[in-house]
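Computed from the coordinates by the stated procedures, all read-outs in this text should not be read as laboratory data. Please read these numbers as outputs of a predicted model, since none were measured by experiment. Cβ atoms come from the backbone with ideal geometry, glycine included; neighbour counts cover every protein chain shown.
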Amino acid sequence: MKRFTKSFTQQEPISETAVERAVAVMRSGRLHRYNIDPGEISEVAALEEEYAAFQGIRYCLACASGGYGMQVALRAAGVKPGDKVLANAYTLAPVPGAIHSIGGRAVLVEIDDHYHIDLGDLGRKAEASGARILLLSHMRGHIADMDRLMAVCDKFGVTVIEDCAHTMGGRWRGTRSGNFGKVACFSTQTYKHINSGEGGFITTDDPELAARAVVLSGSYMLYGRNGAIPDEEVFHRVRLDVPNCSGRMDNLRAAILRPQLAALDEAVERWNARYDLLAEGFRAVPGLRVPARDPREHYVGSSIQFFAEGLRREAIPQFLENCAARGVELKWFGDAEPKGFTSRYDSWRYLGEQPDLPQTLAVLDKTCDMRVPLTFDLDDCRLIVEIVGEEVARLRSDQAA
Ligand SMILES: *Cc1c(COP(=O)(O)O)cnc(C)c1O
């Protein structure tokens, strides 16, 4: 029996160009973003300019993590303790964590069977709860119909904050993911699309929100040294009303991100070549279903999700075990127990009482998830399809027997 031997957690190495830049920063001793010579531009400020240009947006703040970015975005957008915040129930733990950390109260919204937020439920929950903010996760890179979504949010006066941890580099109808809402958050953590170990960005076109975010991130009133920022007079208006909650990015991380950003669009195409091969392969396996993707969505296939529809729910742990025994690491979002990065909304007990979300649970019940690191080549993806296909077939014939 064939076995797959590469690691599902192995990212590509940091390029030599990036390593050299990092070494230069270390040799300079100037690691803190505000520790620069007069007239000098820090690595972080240069990265902010470059990321804003990449996104096609005016303002960008680099910060300590994606999760921290969401906390700052919520606060900068005016969310106060006790305020309700809508969020799709299919997301990762830092999202409810960000809402909770600023004293917000999460109102979870159902998802549909394409892993998108359910727009009908969004409208109902917005109306019934009176929430005026949506923290929208483009979970696992699935971008909902953003035109319809924005129309629902406009109708109910809901401000959208986009969590683009899985859509950096992706687009909807040609517009970059993150440029639909009022503010967007990105992560540069190792498993996302550019890798600095930890890190994140906030982007917006709103000058006041941008200034508040910069001061919140801990600017020590040195905000003039940031890149992609609004005019001084905007900072003068907000700077004494916003606390300093330190969570800056440092020059070392920025130095290794800049070359990666320059290669991101190319990396997206490499991810999608792998994703499309896997999706086609899994679709051909009787018992598996990969939801079709909207042609308007230009996704980034850094992970793949499918329904193990032809297997009984009780058989899924066995299926994962059998695949793992042959080197293929899958995760299951339907597990009642959070394992690794997976978790179901009902395991976030600190959120307090939440309404039943039967549709979300039904979708997650048979949802399997696989990382697609760029260290896999197309032959690796073919072998993975073969192994997964054989293991589904084996369990299905057991079930039939
Ligand atoms: C990774 C991730 C984040 C941010 O994570 P950090 O580890 O804090 O950078 C936010 N949302 C989702 C959906 C994520 O997967």
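Observations, loosely collected:
- Qualifying position, being in contact with a Phe, Trp or Tyr (Cβ under 6 Å, 6 or more places away or on another chain) and aliphatic (A, V, I, L, M), among ALA93, ALA89: ALA89
- Taking the numbered list (1) within 12 Å of the ligand (Cβ to nearest atom); (2) crowded, with 18+ Cβ neighbours inside 10 Å; (3) small (Gly, Ala, Ser) in turn, ALA144 passes all entries but (1).
- If the condition is being within 16 Å of the ligand (Cβ to nearest atom) and touching a residue at least 12 places away in the same chain (Cβ under 8 Å), then the range 314-347 contributes LYS331, PHE333, PRO338, PHE341, THR342, SER343, ARG344, TYR345.
- Residue count, the range 311-370 (criterion: out of contact with any strand residue (DSSP E or B) (no Cβ under 9 Å at 6 or more places or on another chain), closer than 26 Å to GLY97 by Cβ and among the aliphatic types (A, V, I, L, M)): 3
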